[in-house]
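Have a look at the structure below before the remarks.
Just so it is clear, none of the values below were taken in a lab; they were calculated from the coordinates. Just so it is clear, the structure is predicted and the values come from calculations on it, not from any experiment. A quick note on method: Cβ atoms are made from the backbone with ideal geometry, for glycine too, and the neighbour counts reach across all protein chains shown.
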Amino acid sequence: MNFGRSVGAQAISRIVYILAGALVFVLLARLLGPEHLGAYAWSVTLLSVACTLADLGMTPILSRDLVTAGDTRQAYLANFLVLRLVVGLLAGVIVAIAVVLLAPDSVRTVLLVCLPALPLLAARFFDPVFQVIGRPWLSFKVAAGFAVVAIAATLVAVQAPDPLPMTVLAYVASGMLYGAAGLVLTFRLMPPDFGAVSVSGMTIVVRAVLPLALSALVAALASRIDLFIVAEVGTAEMLGLYGAAGRFLDLGVAAMVTVLTPLVGVFASLAGDRARLLLAFDAIMRLIATASVLCGLLAIGFAGPVLTLVYGAAFEPASTTLALFGWRIGFAFVNLTVFALVMTVAPIGYSVWNMLAALVVTAALSWLLVPMFGGEGAAIATLVSEVLQLTVNLIMAQRALGRTLEPGWWGRLLLAALPAIGVCFAPIPGPLGALAGVAVFLGLLGLMRALPVNPLPAMVVARP
């Protein structure tokens, strides 16, 4: 199995899938407007959480266990598929209760109609199968087919007299075809041995999944509870504006995961030499932290113009929310980098209660702040939650390694960032103010000799 080819194929496939969803969202924003877009965003978010509940962290486990199962992998796959079917149906029942109690009236019926198809909608676990059999680029072909179908189905759905439920149906139908195509190829290339399905066989899968199941579910809820509370406490238009800004956050998270996935392997290879590990960490963290501040500065001035360009003038009121999300993306990038370090040198069981705490903080603050500040209140809640998670991860890294961040360099970063933020809020037109803030930030870093350098040489030197 060619690791580089497999990772590249899956990364490109994931990018195609994400870009297709983003394009569909942009089309609907322009064709439906903020009020109707909010109910669509609520539906898609709920279905995403439902898919997480149906998956329960099984897909990463499948990738590992198909390799180790050897000659019994077809029996293992059969037990996996039957278990996924059972869990998917149970998840559909649980989510149906939430739909009846919480869903906007305009999408409640269509969601209830679609939920029985949840096992197929959540059947996105075929990438590990394609990787194990040496056909990773099949993932790209399936993703490309999904992109074409999703965009075409959306364009047809918006022509309906009542387009909102039809667009949700188009989303679900496209996802089902995506899952069905992957399953058909899986059955052809690695036929499951359903004669080997047994309670004991499924128990093996359950035991492997349990350590990740609760963590995956809590993480999914923590990352989306803010939108549900905006829907419950705010207005339909507020929900649409918040959902539109949130799409940029989703793209930012996807970019972070793409960057950090190989970084985990680098840190893991250096775990035996703490000095070299910290050398590599310091080098990459300087670059990531600097980029994160730049992201926040640019978001202050460019949020409004970007929203208007992408979605239309009706979405410009979400500019403050998007600016706050720009800073949240920065903190999340730093946070995930620290977590990547911790997971290579220490147990990460604490991450469950850390994410659970983040869920509680986000929910409580959103419920308190949304009535006062609208969508901006929920964005503030998520930003505070991200900072708290980062604090916990830093403490755990400190315990494991004795030192994590470089106090001297981080002090200089803060001294450069604070005046730059002030410049962004000066009486200068938004984009120009943001660019001036960026110039001040980089200039001060240069004067203090704190600019990051290319981290690759340091990471090469750090290799054992």
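Take peptides 418-425, 334-341 and line them up by average Cβ neighbours within 10 Å, highest first, as a rough protection proxy.
Descending packing order for the listed peptides: 334-341, 418-425.
For the pair residue 279 and residue 193, label points projected 7 Å from Cα toward Cβ lie 4.9 nm apart.
Restricting segment 346-422 to chymotrypsin sites (Phe, Trp or Tyr not before Pro) that sit in a DSSP loop and have at most 14 other Cβ atoms within 10 Å of their own Cβ leaves nothing.
Extension gain for residue 372-residue 264 works out to 34.8 nm (0.36 nm per residue, less the C-alpha to C-alpha distance). May I ask you to compute the full-extension gain from residue 356 to residue 89, defined as 0.36 nm times their residue separation minus their alpha-carbon distance, rounded to one decimal in nm? So the chain would gain 93.6 nm between residue 356 and residue 89.
With a ≥ b ≥ c taken as the square roots of the eigenvalues of the C-alpha gyration tensor of segment 128-250, please select rounded if a/c is under 1.5 and otherwise prolate if a/b is larger than b/c or oblate if it is not? It is oblate, given that a/c is not under 1.5 and a/b is not larger than b/c. Given axes a ≥ b ≥ c from the Cα gyration tensor, I'd like to know whether the chain is rounded (a/c under 1.5), prolate (a/b larger than b/c) or oblate. It is oblate, given that a/c is not under 1.5 and a/b is not larger than b/c.
Dividing the mean sequence gap of close Cα pairs (under 8 Å, 6+ apart) by how many residues the chain holds gives a relative contact order of 19 percent. Among residues other than residue 317 with Cβ under 11 Å from its Cβ, the summed charge is -3 (Lys and Arg +1, Asp and Glu -1).
Placing +1 on the Cβ of every Lys and Arg and -1 on the Cβ of every Asp and Glu, with no other charges, gives the chain a dipole of roughly 1200 debye about its Cα centre. Charge tally around residue 451: other residues with Cβ under 12 Å, Lys/Arg +1 each, Asp/Glu -1 each, net +3.
The Cβ shell under 10 Å around residue 123 holds other residues with a net charge of +1, Lys and Arg each +1, Asp and Glu each -1. One Cα centroid belongs to segment 288-329, the other to segment 214-239; the line between them spans 20 Å. Extension gain for residue 98 to residue 204 (0.36 nm times residue separation, less C-alpha to C-alpha distance): 35.1 nm.
Taken along the Cα-to-beta-carbon direction at a fixed 7 Å, the label points for residue 19 and residue 410 span 3.7 nm.
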